[in-house]
Amino acid sequence: MAPPKDIMTNSHAKSILNAMNALRKSNTLCDVTLRVEHKDFPAHRIVLAACSDYFCAMFTSELSEKDKPYVDIQGLTASTMEILLDFVYTETVHVTVENVQELLPAACLLQLKGVKQACCEFLESQLDPSNCLGIRDFAETHNCVDLMQAAEVFSQKHFPEVVQHEEFILLNQEEVEKLIKCDEIQVDSEEPVFEAVINWVKHSKKEREASLPELLQYVRMPLLTPRYITDVIDTEPFIRCSLQCRDLVDEAKKFHLRPELRSQMQGPRTRARLGANEVLLVIGGFGSQQSPIDVVEKYDPKTQEWSFLPSITRKRRYVATVSLHDRIYVIGGYDGRSRLSSVECLDYTSDEDGIWYSVAPMNVRRGLAGATTLGGAGVALLNDHIYVVGGFDGTAHLSSVEAYNIRTDSWTTVTSMTTPRCYVGATVLRGRLYAIAGYDGNSLLSSIECYDPIIDNWEVVTSLGMQRCDAGVCVLREK
């Protein structure tokens, strides 16, 4: 004979709830009546106490309502009470745009967690640029932490659209400040942030004009383009009338005009927002059997996903890449047969992924070269230049350096380095180009050279502590 076995059914709890709901509706075995807006709702104390900490405390403590047959409930409507009681007895709640604003506060009052969660999930599904700020405040008022965070993230992600709506225009200064100072707002540039502040002030000029200098300090104007600063901000009457605003504009101009001082100007206004529309690209290289490849992959940190962009037109390894003015340049390399002088470009501003197209080739074939931009190096024209240093042409290790002007689509040979270098690290610090270590064809290098584009001259600076080549180099702005 088999041993006895416990048998569980899935219908028992539901069956009991249905039976109790039928008893409630026929006012059978009910031992309390809830009175809301002069309407009576018969119910069972044990059911209410089991579902709600509010009612449990009321019926099990020494509160005056403990033994009263009638209990007055304040702070909600009769129609809302009916929905809440239906939930208590059926586990079902129907949330709509029309009832959610009454239902959520009532659920919080009576501590009905299931209804509160249902309301929050419904409101999260309704988030839109026109309502997310209001939903965020509503969630904060009722301590709905998850909904508040979801609304906040939504407002950051859709900032340019959010600031076009009335909810933003009606914010007070403190709320505007909180939004625009946030690192996480996702903008392609600071332009919509500046415009949002100006539009907010213009909506009520007399009352808000005095707030402009305080708000403008949270706009990261040094990160705007020189053209926007001179053509838009300089011509804004609100800016011209305020010495404090002019000081902030002058700071932005100084950031562009004096790159050698940028390291001393670091602060909240010079730090890129974390939500900026930036992606990471991986281009070319080699795969199995060291065969060059033409594949281009893109990583989006917002979605944490990799996707494919159009392939470059020629398979390349030992390639140099830079981005400048929303274009990606793939320079030189090795196709498995010879070193390359050809250069490909992809315009990343187009709505579609676009196609790679050829631009002017370098004067010299180069693989294993270093490449960087010298934007803002004290001369406006240099904002449009790419510099390529050293490399290997298949026979010789190179000391030559070339500069590409994206406006004229032409390469110019500039002063060579003092030492041939391939596998060289190239970066820009304080408006000057550094060529770091590498290999000269005979030995690994520890030496470093620094290029001043204003006088077209290389200078040997302090060497590394050890020889190395093919190293990664970058600039870190210390706090």
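The values are calculated or read from the model by the stated rules, or taken from the named source; none is laboratory data. These figures come from a predicted structure and were not determined experimentally. Ideal geometry is used to build each Cβ from the backbone, glycine not excepted, and the neighbour counts take in all protein chains shown. Surface accessibility is based on the protein's heavy atoms, side chains included, excluding ligands, DNA and RNA. Shrake-Rupley method; radii C 1.70, N 1.55, O 1.52, S 1.80 Å.
If you scan segment 185-229, which residues turn out to be hydroxyl-bearing (Ser, Thr, Tyr), touching a helix residue (DSSP H, G or I) at 6+ places or on another chain (Cβ under 8 Å) and over 18 Å from residue 160 (Cα atoms)?
Selection gives 211 alone.
Quick one: which residue in 97, 93 is open to solvent by 60 Å² or more (accessible area, probe 1.4 Å), part of a loop (DSSP other than H, G, I, E, B) and of a type in the set (A, V, I, L, M, F, W, C)?
Selected residue: 97, the only one of 97, 93 that is open to solvent by 60 Å² or more (accessible area, probe 1.4 Å), part of a loop (DSSP other than H, G, I, E, B) and of a type in the set (A, V, I, L, M, F, W, C).
Filter segment 158-176 down to the residues that are closer than 13 Å to residue 208 by Cα and not in a loop (DSSP other than H, G, I, E, B), then identify the one that is least open to solvent (accessible area, probe 1.4 Å).
If we take residues in segment 158-176 being closer than 13 Å to residue 208 by Cα and not in a loop (DSSP other than H, G, I, E, B), then 176 is least open to solvent (accessible area, probe 1.4 Å).
If you check residue 216 against the conditions, is it over 30 Å from residue 334 (Cβ atoms) and either touching an Asp or Glu at 6+ places or on another chain (Cβ under 8 Å) or at pLDDT below 90 (or both)?
Judged against the criteria, residue 216 is not a match.
Out of all the residues in segment 437-449, is one or more open to solvent by less than 80 Å² (accessible area, probe 1.4 Å), at positive phi and not small (Gly, Ala, Ser)?
no
Quick check: anything in segment 183-190 open to solvent by 40 Å² or more (accessible area, probe 1.4 Å), closer than 14 Å to residue 211 by Cβ and touching a residue at least 40 places away in the same chain (Cβ under 8 Å)?
Among the residues of segment 183-190, not one is open to solvent by 40 Å² or more (accessible area, probe 1.4 Å), closer than 14 Å to residue 211 by Cβ and touching a residue at least 40 places away in the same chain (Cβ under 8 Å), which makes the answer no.
Considering only segment 234-348, give the strands (runs of 3 or more DSSP E) lying wholly within it that have at least 1 residues that are at pLDDT below 90 and in contact with a Gly (Cβ under 6 Å, 6 or more places away or on another chain).
The qualifying strands (runs of 3 or more DSSP E) are 343-347.
Which condition does residue 143 not pass, out of (1) open to solvent by 50 Å² or more (accessible area, probe 1.4 Å); (2) touching a residue at least 24 places away in the same chain (Cβ under 8 Å); (3) within 22 Å of residue 218 (Cα to Cα), if it passes all the others?
(3)
What residue, of 91, 102, 98, is under 17 Å from residue 122 (Cβ atoms) and in contact with a Ser or Thr (Cβ under 6 Å, 6 or more places away or on another chain)?
Testing whether each residue is under 17 Å from residue 122 (Cβ atoms) and in contact with a Ser or Thr (Cβ under 6 Å, 6 or more places away or on another chain) leaves just 102.
Residues checked against (1) touching a helix residue (DSSP H, G or I) at 6+ places or on another chain (Cβ under 8 Å); (2) aliphatic (A, V, I, L, M); (3) surrounded by 14 or more Cβ atoms within 10 Å (Cβ to Cβ):
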{"position": "273", "(1), (2), (3)": "no, no, yes"}
{"position": "295", "(1), (2), (3)": "no, yes, yes"}
{"position": "300", "(1), (2), (3)": "no, no, no"}
{"position": "318", "(1), (2), (3)": "no, no, yes"}
{"position": "339", "(1), (2), (3)": "no, no, yes"}
{"position": "354", "(1), (2), (3)": "no, no, yes"}
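Please work out which residue is farthest from residue 464 (Cα to Cα), limiting yourself to segment 392-442 and to residues that are among the small types (Gly, Ala, Ser) and part of a loop (DSSP other than H, G, I, E, B).
394
Pick from 58, 81: which is crowded, with 17+ Cβ neighbours inside 10 Å, under 44 Å from the mean Cα position of the chain (by Cα), within 28 Å of residue 144 (Cβ to Cβ) and hydrophobic (A, V, I, L, M, F, W, C)?
From the options 58, 81, the qualifying one is 81.
Kindly establish whether residue 279 is within 31 Å of the chain's Cα centre (by Cα) and of a type outside the set (Lys, Arg).
yes
Going through 343, 282 one at a time, which residue ends up being farther than 26 Å from residue 222 by Cα, among the hydrophobic types (A, V, I, L, M, F, W, C) and without any contact (Cβ under 8 Å) to a residue 40 or more places away in the chain?
That would be 282, the only listed residue that is farther than 26 Å from residue 222 by Cα, among the hydrophobic types (A, V, I, L, M, F, W, C) and without any contact (Cβ under 8 Å) to a residue 40 or more places away in the chain.
Under the condition of being open to solvent by 70 Å² or more (accessible area, probe 1.4 Å) and touching a Phe, Trp or Tyr at 6+ places or on another chain (Cβ under 9 Å), which residue from segment 191-208 is farthest from residue 169 (Cα to Cα)?
Within segment 191-208, the match that is farthest from residue 169 (Cα to Cα) is 205.
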